[in-house]
Amino acid sequence: MKKVIEASKAIAIGAKLCRPEVLPIYPITPQTHIVEELASMVADGELNAEIIHAESEHSAISAGVGASAAGARTFTATSSQGLALMNEILHITSGMRLPIVMAVANRSLSAPINIWNDHQDSMSARDTGWIQLYAESSQEALDTTIQAFKIAEHKDVQLPVMVCIDGFQLSHVFEPADIPTQEEVDKFVPAHRQEFRLDTAKPITFGPIAFPDTFMRFKEDQQKATLESSAIIKQTNKEFAGQFKRSYGDGLIELYKMEKADTAIMCIGTIAGTTRTVIDELRKKGQKVGLIRIRCFRPFPAEEISKAVSGLKTLIILDRAVSYGNQGPLYTEVSAAINELRAKNKKSVTIKGYIVGLGGQDVTPEVIKQAVNCADKKGTEWIYHSA
């Protein structure tokens with residue numbers, strides 16, 4: 001069934017169709033519409049789930065840890081300072097290998113106070129052990145939420161997943177979306193049965209103290225599972241395409257007009273839509289420009305990126321976040337991946353990074369064209385939008 005819906009509602013619908021049992025929630029702009037919609041679904045009898053009205057985001061994710069450890073399929077959502085407040089428990093969630101799914105409506109971090117979009121919040125949480133998937137549209141937000149439960153609960157993964165959408169610039173935008181039936185989603189995401197859970201009949205311990213002789217083994221297992229989840233993300237995207245006739249690149253990255261391209265623009269989130277328009281225009285003028293959209297930031301798709309850029313002369317990276325004292329987080333990670341490619345193939349790809357769109361500033365076609373036209377220098381620069 002096709003409907004024009006807000007991306008926040010699309011995520012709520014995607015979550016509902018996966019039959020979550022516990023919803024620990026706390027409102028924060030701009031994710032509030034997601035949990036409001038889920039609360040309405042529960043109140044109207046559309047969703048049989050327990051809502052926990054938490055006292056803060058820290059409490060919400062803490063309640064999620066307890067619910068998931070008990071074996072309940074768990075979903076929550078947050079933004080910005082709320083995600084930052086969760087930080088302590090984000091590490092605990094992944095360290096305990098709990099398959100919680102959380103929507104993040106990306107929003108800048110204070111100070112100064114700003115409620116609009118950039119990726120500073122989720123990029124600041126990239127080392128907490130959560131898988132991070134970024135959606136570009138309402139349809140992808142819905143579909144990625146459904147995929148996220150299947151990925152998180154896979155027996156070889158058992159890790160929490162963030163589904164990230166640009167605050168306001170996607171979360172509050174109405175777009176057409178094809179909504180699957182409950183029967184279709186039940187077929188794709190089976191009923192949840194967590195193998196390791198708190199059970200008085202079979203007592204186990206979650207997150208006990210680990211001394212120096214064992215701690216690293218836990219972390220090694222967590223790292224292996226995160227790295228190996230790349231294959232599960234790809235397979236889930238492929239299976240989704242087989243059933244629902246929609247897919248998003250290979251699940252990790254998505255390419256647009258990369259055939260015979262000598263220059264590529266790389267970005268995350270809604271910037272990709274504007275970038276496609278610019279690429280179409282530049283292609284008509286004879287410029288061989290393509291797009292590499294990063295859908296999965298954790299695990300980082302280094303191999304896929306290296307392959308995608310192998311024939312390029314120039315790669316332009318648009319970061320909507322800053323690693324203060326260094327450069328954009330996407331720029332630094334891609335640079336590391338491509339340096340390995342250079343060492344192997346002795347090929348030189350010029351990488352140019354730009355910091356754009358912080359605090360909700362528009363990333364217009366003019367901004368993207370400016371990035372393309374000034375891509376003859378290495379390093380990172382800032383582009384300020386001017387109307």
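Laboratory data are not the source of any read-out in this text; all were calculated from the coordinates shown. Please read these numbers as outputs of a predicted model, since none were measured by experiment. Positions of Cβ are backbone-derived with ideal geometry, glycine not excepted, and every protein chain shown enters the neighbour counts.
Structure data summary
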{"quantity": "Cα gyration tensor shape for the range 1-75, rounded if a/c is under 1.5, else prolate or oblate", "calculated": "oblate"}
{"quantity": "Pairwise label distance in nanometres, VAL42 with THR214, each label 7 Å out on the Cα-Cβ vector", "calculated": "3.5 nm"}
{"quantity": "Relative packing of 114-126, 32-44, which averages over residues the other C-beta atoms within 10 Å, highest first", "calculated": "114-126, 32-44"}
{"quantity": "Rough spin-label spacing in nm, given labels placed 7 Å along Cα→Cβ, for LYS313 and GLN81", "calculated": "4.8 nm"}
{"quantity": "Cut-off under 5 Å, modelled amide H: who pairs with ILE52 long-range", "calculated": "LEU23, ILE25"}
{"quantity": "Interchain or long-range residues, amide H under 5 Å from ILE351's placed H", "calculated": "LEU315"}
{"quantity": "Given charges at beta-carbon only (K, R positive; D, E negative), |dipole| of the chain in Debye", "calculated": "1540 debye"}
{"quantity": "Neighbour-count order for THR200, THR380, THR76, fewest beta carbons within 10 angstrom listed first", "calculated": "THR200, THR380, THR76"}
{"quantity": "Protection proxy ranking of 237-243, 12-18 - average other beta-carbon atoms within 10 Å, highest first", "calculated": "12-18, 237-243"}
{"quantity": "At R0 = 22 Å, FRET efficiency that the Cβ-Cβ distance of GLU239 and ASP280 yields, to 0.05", "calculated": "0.10"}
{"quantity": "Peptides ranked, highest mean first, by Cβ atoms within 10 Å: ranges 55-62, 207-214", "calculated": "55-62, 207-214"}
{"quantity": "Amide H contacts under 5 Å for VAL173, placed H, 5+ residues apart", "calculated": "ALA7, SER8"}
{"quantity": "Calculated FRET value between THR350 and LEU255, using beta carbons and R₀ = 25 Å, to 0.05", "calculated": "0.80"}
{"quantity": "Computed FRET value (nearest 0.05) for HIS53 with ALA111, which takes r as the C-beta separation and R₀ as 25 Å", "calculated": "0.35"}
{"quantity": "Shape category assigned to the chain from the gyration tensor of Cα positions, a/c cut at 1.5", "calculated": "prolate"}
{"quantity": "Sorted by Cβ density within 10 Å, fewest first, the residues ASP186, ASP156", "calculated": "ASP156, ASP186"}
